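Worksheet for the structure shown next.
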Amino acid sequence: MEQAITLTRHILEGQKAHPGATGEFSALLTQIALAGKRISFELSRAGLLGKTGLTGGTNIHGEAVKELDQISNDIFVDCFEYLDLVSMVVSEEMDTAASLKGKSKTGKYSLYIDPMDGSSNIEINESLGSIFSIQKNTNGAETEKDLLHKGSDQLTAGYLMYGPCTMLVIAYNNQVHGFTLDMGLGEFILTHPNIRIPSRGKIISLNAGNASKWDKGLQNYLKYTQEQTEKEKLFSYRYSGTFVSDFHRILLKGGTFLYPGEVKKPEGKLRLLYEVAPLGFVCEAAGGKASTGKERVLDIQPTEIHQHVPVIIGSAENVDEILTYLSH
Ligand code: P6P
């Protein structure tokens, strides 16, 4: 029987293929995987241990922090604390960038995370995720300004999806690979090598409750999709409220996820550095597109670590079609 390719074997074989490899990339991926395993374990027990509640705090976005937001954040920090490679962590759950044990002067990389994406779904046992991105500290890592890198410069990015099974999806070297956690082995197994997003798909993922606040051109596009659905069944709407899950469906089946800006809130809700840029990096590596409606997500020069951006992400043909409808 063909030997299962574990994440460890995948990393080591990748390292062999790059003679100059230092092993740093392998170490970074290994810690991401460890964080995913630990968070998956915590999630599997949270309902039993009554850990699905609130901490009583709010994050910088004014969102109530769930216990599992904090636990997941602390797990990621812990997994990178003893690794000298990472100096700073930018997290949805931390108001300012955190220096790992004073390594802001030495670490070659910085980590950007949404440690528990979709935490509003914890109580209803809906799929959840963690989103990660790793950037090289080309300008050092003394101040938050040093951490403001374009999404196109990411070394790697991806997500963990905590669904019926736990998956790790990671993009690097313009490729996307999916691994599924074998709980018995405690290993991530390569189950989705070289993922490519369909060039067009029929799934549309968005919170239609906000539609009246969107660009008129976008409203016209949605009207077109609903009319077409009756006559020709060209579109299906799917939305879970967890960006990772909704994006993962689009990545595998094709279509688009949208979290647009609103007329009175043009910046939208999702965060650039640790939500939209990482998934934009994955999407483009798989052959898709990620736009704010005005520009390519990965071209944006960030201005602050928690900035929000609108997003239209998914199959290239669908994204292009939507952009033609937007008011210019
Ligand atoms: P809404 C979860 O809180 C999140 O950040 C994303 O995972 C998700 O796509 C979005 O917000 C859902 O927002 O406004 O539809 O509840």
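The residues of region 31-51 that are open to solvent by 70 Å² or more (accessible area, probe 1.4 Å) and either in contact with a helix residue (DSSP H, G or I) (Cβ under 8 Å, 6 or more places away or on another chain) or acidic (D, E) (or both) amount to a single one, R38.
Sort out for me the strands (runs of 3 or more DSSP E) sitting completely within region 1-119 that have 2 or more residues that are acidic (D, E).
Passing ranges, in order: 109-117.
As a summary of the residue check, E267 satisfies the conditions (1) open to solvent by less than 70 Å² (accessible area, probe 1.4 Å); (2) over 15 Å from the mean Cα position of the chain (by Cα); (3) among the acidic types (D, E) except for the one numbered (1).
Selection of region 20-66 for residues being touching a strand residue (DSSP E or B) at 6+ places or on another chain (Cβ under 8 Å), hydroxyl-bearing (S, T, Y) and within 23 Å of G158 (Cα to Cα) yields only S40. Applying the criterion of being under 11 Å from the mean Cα position of the chain (by Cα) and acidic (D, E) to the residues of region 105-125, the residue that is nearest to the ligand (Cβ to nearest atom) is D117. Screening I300 on (1) within 17 Å of the chain's Cα centre (by Cα); (2) within 16 Å of the ligand (Cβ to nearest atom); (3) surrounded by fewer than 24 Cβ atoms within 10 Å (Cβ to Cβ) shows it passes everything except condition (2).
Being in contact (Cβ under 8 Å) with a residue 24 or more places away in the chain and not hydrophobic (A, V, I, L, M, F, W, C) is the filter here; which residues of region 194-216 pass it? Of everything in region 194-216, those that are in contact (Cβ under 8 Å) with a residue 24 or more places away in the chain and not hydrophobic (A, V, I, L, M, F, W, C) turn out to be R196, P198, S199, R200, G201, K202, S205, N207, N210, K213, D215, K216.
Which one of I250, I197 is within 16 Å of the ligand (Cβ to nearest atom) and in contact with a Ser or Thr (Cβ under 9 Å, 6 or more places away or on another chain)?
Exactly one of I250, I197 is within 16 Å of the ligand (Cβ to nearest atom) and in contact with a Ser or Thr (Cβ under 9 Å, 6 or more places away or on another chain), namely I250.
Among the residues of region 142-165, the ones that are open to solvent by 10 Å² or more (accessible area, probe 1.4 Å) and under 20 Å from E42 (Cβ atoms) come to 5 in all.
The values are calculated or read from the model by the stated rules, or taken from the named source; none is laboratory data. Here the structure is a predicted model, which is why all the values come from computation and not from measurement. In this analysis, Cβ positions are derived from the backbone assuming ideal geometry, glycine residues included, and neighbour counts consider all displayed protein chains. Calculation scope for accessible area: heavy atoms of the full protein, side chains included, ligands and nucleic acids excluded. Shrake-Rupley method; radii C 1.70, N 1.55, O 1.52, S 1.80 Å.
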